[in-house]
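Q: Please see the structure below; I have some questions.
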Amino acid sequence: MAESTGSVTQDGSKTQMRRASWRQIGPGIVVAATGVGAGDLVATLIAGSKFGYTLLWAAIIGCLVKISLAEATGRWHLATGRTMLDGWRSLGPWTTVYFGVYVVIWGFIYGATAMSSTALPLAALFPEVPGGLKTFAIAAGVIGLALVWFNRYAQFEKIMTVLIGIKFLIVVYVAIRVAPDLPAAFAGLAPILPDGSLLYTLGLIGGVGGTITMAAYGYWINSKGWTDISWLKMMRLDNRVAYLTTGVFVVAMLIIGAELLYASHLALASGDQGLLELGGILEQRFGPITAKLFLIGFCATSFSALVGVWHGVSLMFADFVERIQRGRKGVQENGVAEVAQGRREKSWPFRAYMLWLTFPPMGLLWLDQPFGLVLAYGVLGAFFMPFLALTLLWLLNSSRTPREWRNGLVSNGMLAGAGLLFLVLCVQQVRELPW
């Protein structure tokens with residue numbers, strides 16, 4: 001345990017604040033590994049291919065926005081001893097209905113998306129395997145299920161640390177390999193909007209670094225054993241490391257897009273297929289070893305997102321079912337303690353949701369062109385983030401949160417700005433649907 005230092009007063013009682021220790025960082029690694037999937041890398045890559053380094057500032061602001069959201073989620077869990085589901089439930093029954101419908105539909109679509117995304121680079125690396133994409137997709141889902149089913153949080157965190165280490169080293173290596181133009185990169189820190197870049201800019205700020213998994217961050221810090229406000233400093237250090245890591249990914253992919261594609265006037269396909277195309281370009285420029293390494297990084301990126309969702313969103317679903325069934329409210333009903341002790345990881349709702357993520361979506365793998373599902377996944381993701389930002393704004397400015405730990409001006413400004421940004425992105429996603 002971290003040493004205690006200093007003291008604060010909360011509702012008349014003294015609380016010893018634990019010293020932040022680099023050795024205890026963990027949930028932030030998990031959220032960074034989960035939040036940055038292949039789709040985020042493609043979005044950043046395409047932004048770099050279209051505008052070079054010009055939107056680098058937007059990617060960095062996006063990381064700051066996500067830091068504020070994750071900090072608010074973690075602070076709610078630590079300051080109140082209540083989970084996000086408990087907080088949402090206190091706002092009225094509409095939140096329970098919203099989350100319940102959302103998590104079931106989203107999980108079905110995400111399961112197929114995550115398995116396919118993990119399978120794409122594996123099918124490219126091993127084209128001789130019978131069944132190709134479908135074989136690897138099914139294997140990815142089953143292996144992800146087994147890794148979460150048979151391990152508790154401590155082992156899960158180690159698995160995610162290995163996966164993020166692989167993709168971190170590979171993406172940074174490729175970014176260095178393409179020889180970044182450092183003066184142009186520093187110039188990209190100036191907030192400039194080129195013609196036609198508004199939607200790409202909003203997408204970079206709002207789209208990289210997680211959607212529903214940001215709400216899972218509070219569950220992961222509880223699973224780590226951080227269950228009260230004395231862990232606030234540790235949580236904040238952990239959260240900053242998470243989005244510093246995310247920022248490195250984003251900047252590295254923007255460099256790759258700017259140097260390999262923008263300078264050569266090359267365009268990539270949208271979606272995960274764009275990463276396969278990039279592998280071909282890397283092979284032409286730097287040889288097969290670099291290309292294969294990139295595909296391995298692509299696979300680690302997709303698989304870490306898959307495993308993280310299988311664990312984190314299943315924890316949220318288990319909390320949701322328990323509160324519906326037994327009317328539990330916060331720490332009085334062992335809501336947080338149960339997460340911290342790992343009991344929820346073995347509960348039937350936790351495992352049922354993992355099965356829902358894994359097996360029913362396999363049927364979608366036989367659709368040759370699941371264009372409608374891809375659109376639905378994008379729209380569903382866009383609908384969750386304004387819900388999270390605006391409900392956090394509500395919860396952390398009300399009597400539900402002890403006065404000392406409510407939002408200040410900076411937190412309110414960041415959450416309000418994030419909520420507005422995500423609403424704009426959500427409306428844009430709906431407008432782009434082929435009505």
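Q: Hey, if you put +1 on the Cβ of every Lys and Arg and -1 on every Asp and Glu Cβ in region 24-431, which of Trp57, Thr301, Val30 ends up farthest toward the positive end of that dipole?
A: The Cα lying farthest towards the positive end belongs to Val30.
Q: At a threshold of 8 angstrom on Cα-Cα distance, excluding pairs fewer than six apart, so keeping six or more, what relative contact order does region 24-431 reach in percent?
A: Relative contact order of region 24-431: 36 percent.
Q: Moving on to the next point. So, with +1 on the Cβ of K and R and -1 on the Cβ of D and E, and no other charges, what is the size of the charge dipole of region 44-198 about its Cα centre, to the nearest 20 debye?
A: Dipole magnitude for region 44-198 comes out near 300 debye.
Q: Using a 10 Å cut-off on Cβ atoms, rank the peptides 303-310, 402-409, 288-295 from the highest mean neighbour count down.
A: The most tightly packed comes first, giving 303-310, 288-295, 402-409.
Q: Here are some pairs, Lys224/Lys346; Lys66/Lys167; Lys50/Lys167; Lys167/Lys346; Lys134/Lys292; Lys66/Lys233; which of them have Cα atoms lying more than 22 Å apart in this structure?
A: Distance filter (> 22 Å) returns Lys50/Lys167; Lys167/Lys346.
Q: In nm, what is the difference between 0.36 nm times the number of residues separating Ala139 and Ser398 and their Cα-Cα distance?
A: 88.6 nm
Q: Give the peptides 60-67, 215-222, 276-283 in descending order of average Cβ contacts within 10 Å, highest first.
A: Ranked by mean Cβ neighbours within 10 Å, highest first: 215-222, 60-67, 276-283.
Q: I need the peptides 383-394, 244-255, 113-124 ranked by packing, meaning the mean over residues of other C-beta atoms within 10 angstrom, with the highest value on top.
A: Per-residue Cβ counts within 10 Å, averaged per peptide and sorted highest first, yield 113-124, 244-255, 383-394.
Since every read-out is calculated from the coordinates, none of them should be taken as a lab result. Please read all numbers here as calculations on a predicted model, not as lab measurements. In this analysis, Cβ positions are derived from the backbone assuming ideal geometry, glycine residues included, and neighbour counts consider all displayed protein chains.
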